[in-house]
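Please read the structure below before turning to the comments.
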Amino acid sequence: MWRRRVLSEVFTFMGSCRNKKSQFIGASSSVRACSCPALPVHRITALQAVNSWSQHFQEKGVSEPDLSSRYITAHVLGAKTIEGIKAETLSRLLSPEKTQQIWKLCAKRLTGMPLQYVIEEWDFRDLTLKMRPPVFIPRPETEELVEFVLSDLKEKTGSLSILEVGCGSGAISLSLLKSLPWLRALVFDQSEDAITLTKTMLQLYHLDILKEEEAILSLCNGVQALVSNPPYLYTEDMASLQPEVLRYEDPAALDGGTDGLVVIRQVLNLASKVLQNHGRVYLEVDPRHPPLIQQWAESHREEMHYVETKLDFNNRPRFCILQKAETNKDRKQDLD
Amino acid sequence: MSRLLVSVRAVYAALCPTTVRRRRGVTGCVYPGLLSSAGKKDLVASELPVLNEEELEEQFVRGHGPGGQATNKTSNCVVLKHVPTGIVVKCHQTRSVDLNRKRAREILREKLDVALKGELSEISVKKKESVQKKQDKRRKVNQSLEKKRLFKEALAAEPKPTNTDS
């Protein structure tokens, strides 16, 4: 059972509270309304709105002030980035409705809410995904995890099935499915919010790998790949996280226990049971983990051979790939 | 040319540490999809120079902190440098780092093409073709207008039928 930390001491600005399902509710904009700039009396251009809010975010200590105001303005104007909007449009006067929309979203950002939750969407590779607190926001590093899985799966023939542990917003599996539409993906998450959010062409199951392994095993037969970006942070590091991460994102999606490996060990246990021979498990991890995972696998899961560690785009060890050695009892794929 | 945003301003870049990453051990371009897909302006991708990842340096602005799950940042600008020629491409066109990296490579290929081939580069060729097309179109329109004018003049010059002729 995850420890549910009471983070009320962190909420210095707002009266957020946790309900029984441990949902984190972002503060409503009314809490901070008094510190928002008032709606402009005269009409302004998009560019003026961007500059004005950029400055205001900076004054109030909101992180990434320029990017925040640009993304929000672009979003209200129907584009993904400010670069996607013509210069003439940016210099044109905004309608009162659009101005109000920009002000409303910027007010939310002013409370420290992550930008992705403010605009309720974000991109992951070539997908646009819905974002809603407290479901974990996909990180850019994880885009590379998908590349590694894809490059291996593309070489395989026959029917393919994968398992994803901890889907969050569905980024990983949905990306894989977009490139390999014939892929069968079985996806799990301990959070009901995550499952509700990720609802398309996937078979989704509200199951916790730490508590309900038997249920998971009953659903899976031989898969070619298991992929996971499991909670991997060390518990002691949780307190020093960026405030907006701490306040808005599900701690169960982040906290990997004392050594950050609680869920990872369980994923590797599951991998050895559900993977076909030569099937691989792909993990995103903390930079300190790769040698620890290798050691642990060698002593506890000798059928899981450590293949390699990959670096992320900041040159940190970030991804671990292990392969199931050939054993006599291969779990045959369930060909429905 | 696509809109390259030089959005990573000097101030912003100075505030955030960047990491340089050189990708190793891959022959040819990491993204084979580029070879089969047309870039912007329908350039023939197969005519563009192939990138060698060994010759590229990438920079990402990810700010301070451990990265990964621990950090939530929206900065995803990619700066790609072709070391042998010194050509630098900055790409901030999308909200995905992965897409920006791919797009940066496409743009770099186009720039390299111009640098290496000059007048013979794909972009120059396309520009010339486009100018030529416009000239041809204008000429046709003028010809057509001329024909109409001559026809009208001929009509005006024709003797009108009168009642006394019958």
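The values are calculated or read from the model by the stated rules, or taken from the named source; none is laboratory data. Because the structure is predicted, anything quoted here is derived from the model rather than measured. Cβ sites come from the backbone with ideal geometry, for glycine too, and all protein chains shown count toward neighbours. All accessible areas refer to the heavy atoms of the entire protein, side chains included, with ligands and DNA or RNA removed. Shrake-Rupley method; radii C 1.70, N 1.55, O 1.52, S 1.80 Å.
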From the list A:TYR232, A:TYR248, pick out the single residue that is surrounded by 22 or more Cβ atoms within 10 Å (Cβ to Cβ), under 22 Å from A:VAL187 (Cβ atoms) and within 12 Å of chain B (Cβ to nearest Cβ).
A:TYR232
Being on the phi > 0 side of the Ramachandran plot, surrounded by 21 or more Cβ atoms within 10 Å (Cβ to Cβ) and outside the structural domain of A:ALA253 (by TED's automatic domain parsing): is that true of A:ARG109 here?
no
Quick one: what pairs do we get from region A:300-317, first residue over 14 Å from A:GLY279 (Cα atoms), second part of a loop (DSSP other than H, G, I, E, B) and of a type outside the set (A, V, I, L, M, F, W, C), C-beta under 7 Å, 6+ apart or different chains?
A:ASP312/B:GLY67; A:ASN314/B:ARG62; A:ASN314/B:GLY67; A:ARG316/A:PRO287; A:ARG316/B:GLY67; A:PRO317/A:PRO287
If I filter region A:80-89 for residues that are within 30 Å of A:GLU192 (Cβ to Cβ), within 27 Å of the chain's Cα centre (by Cα), modelled with pLDDT of 90 or more and surrounded by 15 or more Cβ atoms within 10 Å (Cβ to Cβ), do I get at least one hit?
yes
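A quick yes/no check of all residues on (1) at pLDDT 90 or above; (2) touching a His at 6+ places or on another chain (Cβ under 8 Å); (3) part of a loop (DSSP other than H, G, I, E, B):
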{"site": "A:LEU145", "(1), (2), (3)": "yes, no, no"}
{"site": "A:VAL149", "(1), (2), (3)": "yes, no, no"}
{"site": "A:GLU155", "(1), (2), (3)": "no, no, yes"}
{"site": "A:TRP182", "(1), (2), (3)": "no, no, yes"}
{"site": "A:THR196", "(1), (2), (3)": "no, no, no"}
{"site": "A:MET201", "(1), (2), (3)": "no, no, yes"}
{"site": "A:ASP208", "(1), (2), (3)": "no, no, yes"}
Does A:PRO243 count as open to solvent by 40 Å² or more (accessible area, probe 1.4 Å), in contact (Cβ under 8 Å) with a residue 12 or more places away in the chain, within 12 Å of chain B (Cβ to nearest Cβ) and more than 21 Å from A:LYS156 (Cβ to Cβ)?
yes
May I ask you to list the residues in region A:187-229 that are in contact with a Cys (Cβ under 7 Å, 6 or more places away or on another chain) and either hydroxyl-bearing (Ser, Thr, Tyr) or surrounded by fewer than 14 Cβ atoms within 10 Å (Cβ to Cβ) (or both)?
A:THR198
With A:ILE162, A:ILE119 as the choices, which residue is within 11 Å of chain B (Cβ to nearest Cβ), more than 21 Å from B:GLY68 (Cα to Cα) and in contact (Cβ under 8 Å) with a residue 40 or more places away in the chain?
A:ILE119
Can you pull out the residues in region A:68-79 that are open to solvent by less than 20 Å² (accessible area, probe 1.4 Å) and either in contact (Cβ under 8 Å) with a residue 12 or more places away in the chain or acidic (Asp, Glu) (or both)?
A:SER68, A:SER69, A:TYR71, A:ILE72, A:THR73, A:VAL76
Subset of region A:68-88 (residues that are within 13 Å of chain B (Cβ to nearest Cβ) and in a helix (DSSP H, G or I)):
A:SER68, A:SER69, A:ARG70, A:TYR71, A:ILE72, A:ALA74, A:HIS75, A:ILE82, A:GLU83, A:GLY84, A:ALA87
